[in-house]
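A short write-up of the structure that comes next.
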Amino acid sequence: MSSLEETKVQLDGIDKIILRALMDNARQSVNQLALGVGISGTAVHQRLKKLERLGVIKQSQILLDTERLGYKTLAFVGIYLDKAMRNPEAVEHLRKIPEVVECHYTTGNWSILIKMLCKDNAHLMSLLNTQIQTIEGVSRTETFMSLDQQIQRQIQL
């Protein structure tokens, strides 16, 4: 059995209904969820705790409208490292840049792919020139700017 099969969690119909409801609106109370599912609040609470314990629910968070906060530029940056062994050190540097909101270790041409939110193009250029391309081991970067996010969703249950 592969490690993926060992860690896969089986969800029943009630778990899926609860998770779908939370994915639609995570601010619902346990009692609201219970009414929607048709079981007691205690039963919903126990299922939520079980789903958290199993790692199905990783965290709860709010989704900010970053454009309203002044971040108008979203970019994906492919980072080429001169040696793969520099990855942990590079990621530590990237972790210190608040505008880096995602970082992925990838296959293909790049060693690392990051997602950045910047106030504008000048802000992006400044971060690339002063904080990313100066990281020890970064040989070059390739930047792709998002013109419009057309789909944003979680996996369907």
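The set of residues in segment 72-112 that are of a type in the set (A, V, I, L, M), more than 12 Å from residue 132 (Cα to Cα) and crowded, with 18+ Cβ neighbours inside 10 Å comprises 74, 75.
Going by what's in this entry, would residue 7 be described as over 19 Å from residue 102 (Cβ atoms), of a type in the set (Ser, Thr, Tyr) and either exposed (fewer than 14 other Cβ atoms within 10 Å of the Cβ) or touching a strand residue (DSSP E or B) at 6+ places or on another chain (Cβ under 6 Å) (or both)? Yes, satisfied.
Take segment 113-140 and flag every residue that is surrounded by fewer than 17 Cβ atoms within 10 Å (Cβ to Cβ) and either among the hydroxyl-bearing types (Ser, Thr, Tyr) or in contact with a helix residue (DSSP H, G or I) (Cβ under 9 Å, 6 or more places away or on another chain) (or both). Within segment 113-140, 126, 130, 131, 134, 136, 139 meet the criteria. Across segment 129-144, the number of residues qualifying as more than 11 Å from residue 110 (Cα to Cα), outside any helix (DSSP H, G or I) and hydrophobic (A, V, I, L, M, F, W, C) comes to 2. Is it the case that residue 23 is part of a strand (DSSP E or B), surrounded by 11 or more Cβ atoms within 10 Å (Cβ to Cβ) and touching a residue at least 24 places away in the same chain (Cβ under 8 Å)? Judged against the criteria, residue 23 is not a match.
In segment 139-152, the residues that are on the phi < 0 side of the Ramachandran plot form Cβ pairs under 7 Å with partners that are acidic (Asp, Glu) and surrounded by 10 or more Cβ atoms within 10 Å (Cβ to Cβ), at six or more places apart or across chains, as follows: 139/82.
Rule-based calculations on the coordinates, nothing more; no lab input. What you are looking at is a predicted structure, and each value in this text was computed from that prediction instead of being measured. Note: ideal-geometry Cβ built from the backbone for every residue, glycine included; neighbour counts use all protein chains shown.
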